[in-house]
Amino acid sequence: VSEAGARALGDALASPKCALVVADVSRNFLGAGGVAAAANGIARGAAAGAARLRALHLGHNAFGCAGAVALARVSRVSDAFGRLETLDAPGNGMGPEGIAALARGVLSARGAPRLRELRLQGNPMGAAGARALARASLALPDGDEGEALSPAFATHGSLRVLGLGSAKLGVG
């Protein structure tokens, strides 16, 4: 598919006539620009009333932190992932910063409120990324490790599966 194909896919996903509920573009050399183009298309489609996507599979596209930030931005500023139940993004080279941005984006109140599965295996998130992911899933603000869970914060109640295999969690 490559980045040019991802732009074409983004245009198709932007159409109010698009009825796609599952998109699998795994192993297609999308890169950060391709993921951003597809995500922007999903956002444009959501704005046109076509937010039907329930599963998005982006595994092994090597989009790194820049692609993760693009996905997070779209999930925070639109209803693009409002019905998303599965986000599968293993093996994309997302480090701690990318994982933190993605977690804050898709685990936010507006992000993907129905998200049941988040699969991030094989991304070198390390301990810092795991910590950011845990804090976002508990709706805690970024900050000190010693902060107590306040009743004002709620967990991301729909998340049931979190895939973190080979994510180098013990690495600082």
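The values are calculated or read from the model by the stated rules, or taken from the named source; none is laboratory data. Only a predicted model underlies this, so the values are computations on that prediction, with no experimental measurement involved. Glycine also receives a Cβ, built like all others from the backbone with ideal geometry; neighbour counts cover every protein chain displayed. Quick note on the areas: whole protein, heavy atoms, side chains included, nothing else; ligands and nucleic acids left out. Shrake-Rupley method; radii C 1.70, N 1.55, O 1.52, S 1.80 Å.
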* Asked: Within region 97-121, how many residues turn out to be under 16 Å from Gly64 (Cβ atoms) and open to solvent by 40 Å² or more (accessible area, probe 1.4 Å)?
  -> 2
* Asked: How many residues, within region 1-57, are at positive phi and small (Gly, Ala, Ser)?
  -> 3
* **Selection within region 38-60 - closer than 18 Å to Ala167 by Cβ and surrounded by fewer than 24 Cβ atoms within 10 Å (Cβ to Cβ)** => His57, Gly59, His60
* In region 71-82, what count of residues is obtained for those that are farther than 12 Å from Ala103 by Cα and either open to solvent by less than 10 Å² (accessible area, probe 1.4 Å) or touching a residue at least 40 places away in the same chain (Cβ under 8 Å) (or both)? -> 3
* Asked: Which one of these does Phe29 not meet: (1) aromatic (Phe, Trp, Tyr); (2) open to solvent by less than 70 Å² (accessible area, probe 1.4 Å); (3) farther than 24 Å from Ala103 by Cβ?
  -> (2)
* Condition check for Ala89: without any contact (Cβ under 8 Å) to a residue 40 or more places away in the chain and open to solvent by less than 10 Å² (accessible area, probe 1.4 Å) -> yes
